[in-house]
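First the structure, in the form of structure tokens, and then the observations on it.
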Amino acid sequence: MTAPVRAAGCVLWRRRADRVEICLIHRPKYDDWSHPKGKLKRGEDRLAGALREVAEETGHTAVPGAELPTVRYLKDGRPKEVHYWAAEAAGGTFAPSEEVDRVLWLPPAEARALLTRPQDRPLIDALLTTLPPPP
């Protein structure tokens with residue numbers, strides 16, 4: 001059996017006034033909307049890789065929270081598993097790149113509807129159960 005491709009990412013969120021917003025990225029290569037994620041480097045810790053991908057793809061630093069469900073699927077016939085964490089945006093500025101040309105901050109229901117891959121949608125529900133109440 002082929003070893004799965006190891007990847008990690010975050011459901012990046014922030015609080016604006018009394019509402020939560022979720023960050024989605026648009027990747028022009030795939031013309032899709034997803035959570036920031038990417039392949040781990042050899043020997044890289046999963047959480048460190050998830051935070052690195054958030055920084056590279058969104059320009060934001062993030063404070064990690066709860067571990068979220070792992071998403072498994074086939075990519076080009078090979079198994080892939082992506083480990084996710086909840087992560088609160090802690091500042092930064094997005095700069096478009098070849099890999100990610102747009103980011104959107106959306107209320108959870110809108111983010112869920114925009115996600116391209118159906119298996120990414122339950123991650124938003126999982127995130128919402130982990131968030132602290134508003135101050």
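Where Lys and Arg each count +1 and Asp and Glu each count -1, what net charge lies around Ala87 among other residues with Cβ under 11 Å from its Cβ? Before the final figure, lay out each step's value.
Working: positive: Arg14; negative: Glu53, Glu67, Glu88.
With Lys, Arg at +1 and Asp, Glu at -1, the net is -2.
Of the beta bridges DSSP finds with both residues in segment 1-99, what % are antiparallel, to the nearest 5?
70 percent
Enter the angle in degrees (range 0 to 90, nearest 10) between the Cα long axis of helix 121-130 and the first principal axis of the Cα atoms of the chain, meaning the one along which they spread out most.
50 degrees
Cα axis of helix 46-58 to longest principal axis of the chain: angle in degrees, 0 to 90, nearest 10?
So the helix axis and the longest Cα principal axis differ by about 70 degrees.
First measure r as the distance between the Cβ atoms of Leu74 and Asp31, then evaluate 1/(1 + (r/R0)^6) with R0 = 22 Å and state the FRET efficiency to the nearest 0.05.
For Leu74 and Asp31, the calculated efficiency is 0.70.
Report, ordered by chain and residue number, the lysines lying within cross-link reach of Lys29, taken as a straight Cα distance under 17 Å and ignoring same-chain residues fewer than 8 apart.
Output for Lys29: Lys37, Lys39, Lys75.
Computed from the coordinates by the stated procedures, all read-outs in this text should not be read as laboratory data. As the structure is a computational prediction, the values presented were derived from the model and not from experiment. As a convention, Cβ positions derive from the backbone with ideal geometry for all residues, glycine included, and neighbour counts pool all protein chains shown.
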